[in-house]
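**Q** I have a structure here, written as structure tokens, and I will follow up with some questions on it.
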Amino acid sequence: MAAQLKEIVDRLNAAPFNCDLSLVGFDEKDPFELMEILKKVLVFLDPKHDVDLREEKPDAMYQRISEFLHILGYQCSFDIEFQQGLSLGDKNTVHPILYWLLNNLDALRKRAYLAKFCMNLEVPEEFLREEQVYSVYQNYKELQSQFKATHSHVEQERQGRMNPVDLQREVAQLDAEREQLAQKIQHLKAKTERDEGFATLLEVTSMLRKEQEEEARLAEKLAEQKYQLEQTEQLYIERSARLREMREAQLHEGEGSAEVMLKMLSAEVIKSREALARVRKESEEKMDRLRELDSALSEPPVTKMDIDSLEGEIQAMQNEIHALEEKVNEQNQDSRLAVYKQQANLVAKKKEAVLKDKRMLEDERDSLSKDLSTKEREYEQMKGHKFMKREDFKTYAASLRDKSAKFKLKKAELSELRHEVAVHLCMFHGHLGKEGTSAYRADPAVERPNSGWVYRLIFPVSVFYETCFIPEYGARLVETEQMLEKASVEKSQVDRAKGKTLDEISAIVQKINAQLKEKKNKLAPQIKALRSIRQSFQQVEVKYLDKKGQYDQAKAAVDTDLSKVASDVRQLENEVQEAEQNYHELNMQLLTAESKLQRAQWEARCLRREEGARHSQEYATLSDQYAAEISRLDEQCKDLRKDQKVVKESHEENLKQKRAFVQLEKLIQIKLKVSMQELQNMAEGRYGGIGASRTVMDASTAGVERLVIE
């Protein structure tokens, strides 16, 4: 706020105001003095504001200043608060106005001058249907266009006008060039006096130069005429379309002509909006270009010394770069590093080769896994069920190994039991004494415990024990024998099942391996083709990613531009709506003002007693009617005051009388109720006793009952 006040004071102290104010003095100005300063600034912009603020009414002052600020483009709400602040000279309202006006003084002065002639006078459509009004309006528009063209031409001439000092300098330069040319001409004349054909050559060259100038002039004129022809054709097309639309509207007169006119107006509004958007866009582009040029021109000029210094810096940098490169090359020329560099290159190449082989093996593994999965699905579809996977087969093999371990354990227990039986048989062999009577025969394949031979039993052990007359020990051996036979049978069954299962598994594995080998041979060319396709796919994928990145960048840029354009469109639509609203408001105000003006003009004619000018049959002027109405209202007020005085004087008495009448009404209602009750009792043959009322008939008023109170 302090910076704003300082800026206002500095602008007021400068020309053309020269107020000689201080910051404290300006801040202590009362509202009237502040409005005087605002009036001085407004008078500088437009002399019509040179009025006496003491004699002007606040409403008229606000109307005058607010309309001028609106024309200049001051951004404000123009609400009740603003109106009160401007009428009372409030600092919070006047200071921003002064700051804005003083910062844009020259531009606003030009705008105020142009507003007198370029502000469009909107005339309602129904008035333009009259030929005289339409012709006047068209004349007004033509004059406005002529003024705009003349003003733009004057501005161009003013901008093209040079400074007298520059003109004098240019004249001096041209004089010097003229003297030089004269000297050259004299020198050429002296040189060519002796040439006989020089005059003819000079004449031919002069004619050639004239023809060339004429040709250039004709070419420029032709281009200008072509441009005018294009503009005329474009204007002709627009006018033809407009004429066609108007004829169609006339043909549809009486049959929805209002709708046709509305469509035409809507189309014109759309075209105008598009033209406005295009002009604003072009103006924004030109303003941006102008700002760039201004910024470039505002920079200090680049001299030859600056260019030389920059070139020297560039040369110094290049020399430093060359020196650093030479230093690096000298350090890299060490013979001891060459071996390590060579080894590093070899290791890097080997690493690349190993990584390439690794990638190939990984690709082959992935392809084989895919092929295996495919073959498994095909096998499942062909066989109707799915064979065991690797994990299931491993689980099954583990269970087989577990069963084999149990089998070996049982077999070891069985061998121990057989050994124990052999020992017992040997013991019984000692008791028999003779080998010929023994129940065993020598088996050379089995070693005997004592003598190196083992005798196999050739008949059942139970019979042997029974013949040996050992019944308890024989029963035990019989039971053991039965258990051994049972275990042997189970073991043989398990061996057969295991052998059968292993045979089936081996057959299935061989079949699967054969099928895998066959499928691998079939898939080998396809795998090679797949590898080549995969390489091409990688190349295409790299190109795709590149193009996709470019597309994403372009799409982001387009989306940004689109959002910016959409925001601009919304802003322009809001501006158009505000302009339309202002147009309708101003149109209504204009109609109201015109009606008031017509009434005032008619009143003036009536006051001048012109012929045929009379307000009504009873009154000659509106002032007479207002005077008569005021006198009538005054008489009515006098009568009402008299009535008021009478009412005030008799109010208390009337109030007492009203209360008495209310009480009397209540008493009569009660007596009526009692009388009705007595009549009912008499009709029923009952009598109410002493003090009761009786109803009698008055002979003078036939048919009227009177209540007699005794």
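**Q** Given (1) more than 45 Å from the chain's Cα centre (by Cα); (2) surrounded by fewer than 16 Cβ atoms within 10 Å (Cβ to Cβ); (3) touching a residue at least 24 places away in the same chain (Cβ under 8 Å), identify the lone condition not met by Glu7.
**A** Evaluating Glu7 over (1) more than 45 Å from the chain's Cα centre (by Cα); (2) surrounded by fewer than 16 Cβ atoms within 10 Å (Cβ to Cβ); (3) touching a residue at least 24 places away in the same chain (Cβ under 8 Å) leaves (1) as the failure.
**Q** If I ask for residues that are β-branched (Val, Ile, Thr) and at pLDDT below 80, which ones from the range 120-146 would you list? Steps first, please.
**A** Quick first cut of the range 120-146, residues β-branched (Val, Ile, Thr) only: 123, 133, 136.
Of everything in the range 120-146, those that are β-branched (Val, Ile, Thr) and at pLDDT below 80 turn out to be Val123, Val133.
**Q** A follow-up question, please. Considering only residues of the range 260-282 that are of a type outside the set (A, V, I, L, M) and either assigned to a loop (DSSP other than H, G, I, E, B) or surrounded by 11 or more Cβ atoms within 10 Å (Cβ to Cβ) (or both), which is modelled with the lowest pLDDT?
**A** Lys263
**Q** Please verify whether the range 130-139 includes one or more residues that are in a helix (DSSP H, G or I), among the aliphatic types (A, V, I, L, M) and exposed (fewer than 10 other Cβ atoms within 10 Å of the Cβ).
**A** No, the range 130-139 contains no residue that is in a helix (DSSP H, G or I), among the aliphatic types (A, V, I, L, M) and exposed (fewer than 10 other Cβ atoms within 10 Å of the Cβ).
**Q** Applying the selection to the range 397-421, what residues are over 30 Å from Val509 (Cβ atoms) and either free of Cβ contacts under 8 Å to residues at least 24 places away in the same chain or in contact with a strand residue (DSSP E or B) (Cβ under 9 Å, 6 or more places away or on another chain) (or both)?
**A** Within the range 397-421, Ala412, Glu413, Ser415, Glu416, His419, Glu420, Val421 qualify.
**Q** Moving to a separate point now. When the residues of the range 39-60 are narrowed to those that are among the hydrophobic types (A, V, I, L, M, F, W, C) and more than 47 Å from the chain's Cα centre (by Cα), which ends up nearest to Phe78 (Cα to Cα)?
**A** Filtering the range 39-60 for residues that are among the hydrophobic types (A, V, I, L, M, F, W, C) and more than 47 Å from the chain's Cα centre (by Cα), the one nearest to Phe78 (Cα to Cα) comes out as Leu53.
**Q** Somewhere in the range 594-616, is a residue among the hydrophobic types (A, V, I, L, M, F, W, C) and within 27 Å of Cys76 (Cβ to Cβ)?
**A** No, the range 594-616 contains no residue that is among the hydrophobic types (A, V, I, L, M, F, W, C) and within 27 Å of Cys76 (Cβ to Cβ).
**Q** Return the pair list, or none, for Cβ contacts closer than 6 Å from residues in the range 72-93 that are free of Cβ contacts under 8 Å to residues at least 12 places away in the same chain to residues that are of a type in the set (S, T, N, Q), at least 6 apart or on different chains.
**A** Cβ pairs passing all conditions: Gly85/Thr93.
**Q** Return only the number of the condition from (1) in a helix (DSSP H, G or I); (2) surrounded by fewer than 11 Cβ atoms within 10 Å (Cβ to Cβ); (3) of a type outside the set (Phe, Trp, Tyr) that Ala107 does not satisfy.
**A** That leaves (2) as the condition not met.
**Q** Of Val576, Val647, Val569, which residue is more than 60 Å from the chain's Cα centre (by Cα), hydrophobic (A, V, I, L, M, F, W, C) and in a helix (DSSP H, G or I)?
**A** After ruling out the rest, the residue left standing is Val647.
**Q** May I pose another question? I'm trying to understand the selection: among the residues of the range 502-542, which are among the acidic types (Asp, Glu) and over 27 Å from Arg401 (Cα atoms)? Talk me through it step by step, then tell me what you get.
**A** If we filter the range 502-542 for residues that are among the acidic types (Asp, Glu), which is where we start, we get 503-504, 518, 541.
Glu518, Glu541, listed by residue number.
**Q** Quick test for you: out of Leu633, Leu597, Leu655, Leu586, pick the one residue that is in a helix (DSSP H, G or I), outside the structural domain of Phe78 (by TED's automatic domain parsing) and in contact (Cβ under 8 Å) with a residue 40 or more places away in the chain.
**A** The match here is Leu586.
**Q** Something else about it: Just one of the numbered conditions (1) surrounded by 13 or more Cβ atoms within 10 Å (Cβ to Cβ); (2) of a type outside the set (Val, Ile, Thr); (3) within 47 Å of the chain's Cα centre (by Cα) is not true of Glu36; which one?
**A** (3)
This table checks each residue for (1) assigned to a helix (DSSP H, G or I); (2) under 37 Å from the mean Cα position of the chain (by Cα).
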{"position": "Arg64", "(1), (2)": "yes, no"}
{"position": "Gln75", "(1), (2)": "no, yes"}
{"position": "Thr93", "(1), (2)": "yes, yes"}
{"position": "Ile97", "(1), (2)": "yes, yes"}
{"position": "Glu142", "(1), (2)": "yes, no"}
{"position": "Leu167", "(1), (2)": "yes, no"}
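**Q** Further question on the same structure: Return the only residue of Gln493, Gln539, Gln535, Gln510 being over 18 Å from Glu364 (Cβ atoms) and within 60 Å of the chain's Cα centre (by Cα).
**A** After ruling out the rest, the residue left standing is Gln539.
**Q** Moving on. Name the pairs whose Cβ atoms lie under 9 Å apart, with the first residue in the range 129-157 and touching a residue at least 12 places away in the same chain (Cβ under 8 Å), the second among the aliphatic types (A, V, I, L, M) and not in a loop (DSSP other than H, G, I, E, B), and 6 or more positions between them or separate chains?
**A** Pairs that qualify, where the first residue is touching a residue at least 12 places away in the same chain (Cβ under 8 Å) and the partner is among the aliphatic types (A, V, I, L, M) and not in a loop (DSSP other than H, G, I, E, B), are Tyr137/Leu128; Phe147/Leu114; Lys148/Leu114; His151/Leu114.
**Q** Then there's this: Among the residues that make up the range 42-51, is at least one of them on the phi > 0 side of the Ramachandran plot and surrounded by 16 or more Cβ atoms within 10 Å (Cβ to Cβ)?
**A** no
The values are calculated or read from the model by the stated rules, or taken from the named source; none is laboratory data. All figures in this text were calculated on a predicted structure; none of them were measured in a lab. All Cβ positions, even for glycine, are placed from backbone atoms using ideal geometry, and neighbour counts span all protein chains on display.
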